[in-house]
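Just below is one structure, and these are the notes that go with it.
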Amino acid sequence: MKKTMIKSSLSLAITLASTQIFASGFALNEQSISGMGTGFAGRSSSVDDASIVYGNPAGMSRLKRQQVTVGVAAIDASTDIKDTSGSVVGTNKGDMVPFTAVPMGFYVKPIDDQWAFGLGVYAPFGLVTDYESSFQGRNFGSKSLVKVVTFQPTVSYAFNDKVSIGFGPTINHISGVLESALNVSPLLGARTGDGRVQVKGDDVGYGFNAGVLVQATDTTSLGLTYHSKVTYKLEGHTEVTPGAGVPANVLGAGRYDGKLSLDTPESVDFSVTQKMTDDWKLYAGATWTRWSRLQDITVRNSGVTRAGGNAAPGLVGTISEEQNWHDTWAYALGTSFQLNKQWVLRTGLTFDQSPTNNTDRSPRIPTGDRTIFSVGAGYSPTDDITIDVAYSYLQEEDIKVNRLNALGQSYNAKYENSANGFGLGLTYRF
């Protein structure tokens, strides 16, 4: 009974997914404000600033001056939860995503006509979701805070004016704090206070980014970028706290050593940049992400570092929940127009598939396929400085959550998600 209670209430907090970001699953797209303006179309084939360290490391060889690019993207999400029902009484306000900022920073130094060196610090994955304390679906997920920060030293080499390559190892730190409520009133036949399951963990994982950039014609460039998978072995703890009026031995209250193995997926981005005139460019891109790596999440708990009630070492053991995510494609079209020497205008349209399915989707993963419209601009008051701004509007298809756990507890709802994204960046050349 205790082991089942922990499993169902945890509802696999480490599913690592959210609705507030502008890429599918729990990926973040916001590593370039100039790229955000075109909906990230042409991300691997267009070289605008030092953020190309992430977009396509081969493109560093196209930058002839030393430069630094820094920026921040902010996301303001909105969710309308309708047609709700469930075994636990509660509210469904839908304001579970706080205003979130995603920073980034890049540096590129040309060494000679062929070699260039770069550094990048950015967030490739992450989420923040925080439902109200009285949320009706809190037994299936109440709070998530996950951060992945990547440091990427990078080199590129130009064989000639037509072809260049680039490579950068990535050092990635992941950390997370995830919570679910423990409301067992219907099971005990009496009203009790909410308990809590909290999971904390972190790890460092290693991967790489690689790319090739080809100037196929005087007006057409092709880019291909590969972002590798990263394997993490998170270590931390799982803490179970009973609610008021709940005997500790019913829930197996205590603090357990916890471990979780997780692979963030590899992705491939292919894009084309077509120069139509001296001032007008068109961009197109497609990104494939191997989300099918996330078939299940398994947390292995052992021992008790702080026990409560009749908890005993090894009580929780191994808990697992299927996710059954599938691979996704994202497609983007964009354009830019050089209005004059100082101003460039940008816009783009993106279609992004969701990796979730109707059977396994939960309140932690209430996402569907997305359509994103973007606009942006770059202002260069001098040859040394460019200020980039961008805005994106995201609209998701309406999706349904229908969850039932091993204890017979349920939560059903319809989610309508949208979001506004704002970006501000600065490039300084010297």
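Before moving on, here are some points about what is shown:
- Residues of segment 294-326 that turn out to be farther than 13 Å from residue 259 by Cα and either of a type in the set (Ser, Thr, Tyr) or at pLDDT 65 or above (or both), as a count: 10
- Residue count for segment 392-409, restricted to those that are under 23 Å from residue 128 (Cβ atoms), in contact with a Ser or Thr (Cβ under 9 Å, 6 or more places away or on another chain) and free of Cβ contacts under 8 Å to residues at least 60 places away in the same chain: 4
- Residue 380 vs. criteria within 19 Å of the chain's Cα centre (by Cα) and polar (S, T, N, Q): no
- Of all positions in segment 112-129, at least one carries a residue that is surrounded by fewer than 24 Cβ atoms within 10 Å (Cβ to Cβ) and of a type in the set (S, T, N, Q).
- Checked against (1) of a type in the set (Lys, Arg); (2) closer than 29 Å to residue 296 by Cα; (3) not in a loop (DSSP other than H, G, I, E, B), residue 346 meets all criteria but (2).
- Hits in segment 136-152 (condition: part of a strand (DSSP E or B) and of a type in the set (Gly, Ala, Ser)): 144
- Meets criteria (in contact with a helix residue (DSSP H, G or I) (Cβ under 7 Å, 6 or more places away or on another chain), hydroxyl-bearing (Ser, Thr, Tyr) and farther than 22 Å from residue 279 by Cα) for residue 328: yes
- Matching residues, segment 158-186, being closer than 21 Å to residue 28 by Cβ and touching a Leu at 6+ places or on another chain (Cβ under 6 Å): 177
- Residue among 155, 72, 128 that alone is in a strand (DSSP E or B) and out of contact with any Leu (no Cβ under 9 Å at 6 or more places or on another chain): 155
- Filter result (in contact with a helix residue (DSSP H, G or I) (Cβ under 6 Å, 6 or more places away or on another chain) and among the hydrophobic types (A, V, I, L, M, F, W, C)) within segment 89-121: 106, 108, 116
- Residue among 142, 134, 85 that is at pLDDT below 95, touching a strand residue (DSSP E or B) at 6+ places or on another chain (Cβ under 8 Å) and either surrounded by 21 or more Cβ atoms within 10 Å (Cβ to Cβ) or acidic (Asp, Glu) (or both): 142
- Among the strands (runs of 3 or more DSSP E) confined to segment 383-430, the ones with at least 3 residues that are surrounded by 15 or more Cβ atoms within 10 Å (Cβ to Cβ) and of a type in the set (Ser, Thr, Tyr) are located at 385-396, 410-429.
- Residue in segment 364-385 that is of a type in the set (Phe, Trp, Tyr), without any contact (Cβ under 8 Å) to a residue 60 or more places away in the chain, farther than 20 Å from residue 288 by Cα and touching a strand residue (DSSP E or B) at 6+ places or on another chain (Cβ under 6 Å) present: yes
- Each residue in segment 250-289 was checked for being at pLDDT below 95 and basic (Lys, Arg), and 2 of them qualify.
- Residue that is within 24 Å of the chain's Cα centre (by Cα), under 22 Å from residue 336 (Cα atoms) and surrounded by fewer than 20 Cβ atoms within 10 Å (Cβ to Cβ), where the choices are 47, 70: 70
- Filter pass, residue 65 being closer than 25 Å to residue 337 by Cβ and surrounded by fewer than 23 Cβ atoms within 10 Å (Cβ to Cβ): yes
- Residue in segment 15-38 that is assigned to a helix (DSSP H, G or I) and at pLDDT below 95 present: yes
- Among residues of segment 155-178, those that are surrounded by 21 or more Cβ atoms within 10 Å (Cβ to Cβ), more than 30 Å from residue 141 (Cα to Cα) and of a type in the set (Val, Ile, Thr), counted: 1
- Inside segment 50-62, residues that are surrounded by fewer than 24 Cβ atoms within 10 Å (Cβ to Cβ) and of a type in the set (Phe, Trp, Tyr) make up a count of 0.
- Of the residues making up segment 80-113, those that are in a strand (DSSP E or B) and under 26 Å from residue 146 (Cβ atoms) are 80, 81, 84, 86, 91, 100, 101, 102, 103, 104, 105, 106.
- Inside segment 158-187, residues that are touching a strand residue (DSSP E or B) at 6+ places or on another chain (Cβ under 6 Å) and not in a strand (DSSP E or B) make up a count of 1.
The values are calculated or read from the model by the stated rules, or taken from the named source; none is laboratory data. Computed from a prediction, not measured in an experiment: that's the story for all the values here. We place every Cβ from the backbone using ideal geometry, glycine too, and count neighbours over all the protein chains shown.
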